[in-house]
């Protein structure tokens, strides 16, 4: 799979505004609505972030089944009714304007990366909000696990793997993962803390040798940015909500909207709501 | 909602055969295929049991969305392709014959309770397998929590509550719960152990006063059998996979097949596979 060309060089919002971690989700959404763009790791601390994918109603069953059959990469937090741009997860939000940046796909090709998709909106679009691993970064940090990409002010690196998702109807595609380098002393906490948040990808799908996932070079991620690893760090891979985008690229539905990788939807939900114990 | 009349007085299988807990899932399915019926609590210890509901393809999106929007009562373990009676969760199983007893619904009315649904099968049926709280009873028992209905050789009591599920398309209905009386000293373990199994309903939805759920009389369950409670026992309520049946009764799709309450599908999956930590 070729990586789609991205025209944007958006800087992480946590670097753009040192107070971004303290924004309310409503404030974050209002700023994105006015045009602010950038990766959202570290924004509105403690509030759940979500991947977005909108497909025509004709494709909605296949997408919902794809998510159901692949719950680790595609944990569904909400599904809208066709044509609706509101969600129970965020009071007053407009899903067409309130993400920092979107991607527009036609026949599986990336055709635009606007910060607003009102002109692309269709009345038959069903929107899926899918859990994001940024959510468990707070739990990891609280347990003392260093988050390298946040330390380095970068978007998290994401990779297309050689693991196929279970197909559903016309949808098929590889699993995408995010990677965080974790010092050995913190590996247990990283696994345990994320495992308690199954609605945001849960425990890692793999630790260690990237070639086991068909990843050739950690320094060349398919989405996001490469991160520097300390010598002892173990690469830890979590299933990633960009997986539906990879399914769009592989399966070529006539039309889809998604978030731009790393530039997520900020919900009003609190991370603890998704913690099972 | 009126309770549907059930013609069956099937005895729990754990009473019928003292070795039922040691059956393999394959053995259990083969016996059910030959006509053995009865509630399956305690059968094939450690193997995951599932609720079943089959609806015409025209209703499958509504059902999948209903489950997605109500994950605690309706955690989806597998969805078949239309017309298929096989599942990835059980090698060689036939979903039309391998449950102890089924229910056949027309326009929301219970019309038959056969032990085999081959004569009712349709090529457009999509089958949903939904997590069952029998799965976490082993975890509770291992943590020392007494399971009253098993001790008493009864089916678990289930109640229609006053809590509405979030509707999806044409489907709406109340949440159904199962109830287990738990001694106060074991309440913490019961909550903790079940919370680690979110795919089989997870932590309780309520503990204590049944009227908070609109339940008038614990001795008159809507499904299953009443259980005797020790004086100090606290009634603990878990969301129940009979909820889709209640949605069928309330929403009246033209046709549906379900398991008979308490008479579940035995999968090859092991309970530990659904444990998140």
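Computed from the coordinates by the stated procedures, all read-outs in this text should not be read as laboratory data. Worth saying up front: this structure is predicted, and the values here are computed from it rather than measured. Neighbour counts run over all protein chains shown; Cβ positions are idealised from the backbone, glycine included.
May I ask for the distance between the Cα centers of the range A:41-63 and the range B:107-176, given as a whole number of Å?
Using only Cα atoms, the two centres lie 30 Å from each other.
Would you mind ranking A:110, A:140, A:64 so that the residue whose beta carbon has the fewest other beta carbons within 10 Å leads the list?
A:110, A:140, A:64
Using a label point 7 Å beyond Cα on the Cα-Cβ vector, give me the inter-copy distances for residue B:22 in nanometres, one decimal, shortest first.
Label-point separations across copies, in nm and ascending: 6.6.
Give the order of B:137, B:18 when sorted by the count of other beta carbons within 10 angstrom, beginning with the fewest.
With the sparsest Cβ surroundings first, the list reads B:18, B:137.
Using just the helices of the protein assembly as shown, give the 222 nm mean residue ellipticity in deg cm²/dmol: DSSP H runs with n ≥ 4 each add -39,500 (n - 2.57), and the total is spread over all residues, rounded to 500.
-5500 deg cm²/dmol
For the range B:136-239, what is the relative contact order in percent, using Cα pairs closer than 8 Å and at least 6 residues apart in sequence?
Over the range B:136-239, the number comes to 36 percent.
Sequence gap at least 6, Cα distance under 8 Å: using those rules, report the relative contact order of chain B to the nearest whole percent.
29 percent
Given R₀ = 25 Å, what would the calculated FRET efficiency be for residue B:106 paired with residue B:86, taking r from the Cβ atoms and rounding to 0.05?
0.50
What is the fewest-to-most order of A:207, A:132 by other Cβ atoms lying within 10 Å of their Cβ?
Result, fewest neighbours first: A:207, A:132.
Find the centroid of the Cα atoms in the range A:206-271 and in the range B:246-277, then give the distance between the two in whole Å.
33 Å
Between residue A:189 and residue A:162, with labels modelled 7 Å along Cα→Cβ, what's the label distance in nm to one decimal, could you check?
About 3.4 nm, to one decimal.
What does the copy distance list look like for residue B:46, label position 7 Å along Cα→Cβ, in nm and ordered from shortest?
4.2
How far is residue A:144 from itself in the other copies, in nm, if each label sits 7 Å out from Cα along the Cα-Cβ line, shortest first?
Sorted ascending, the copy-to-copy spacings read 2.9 nm.
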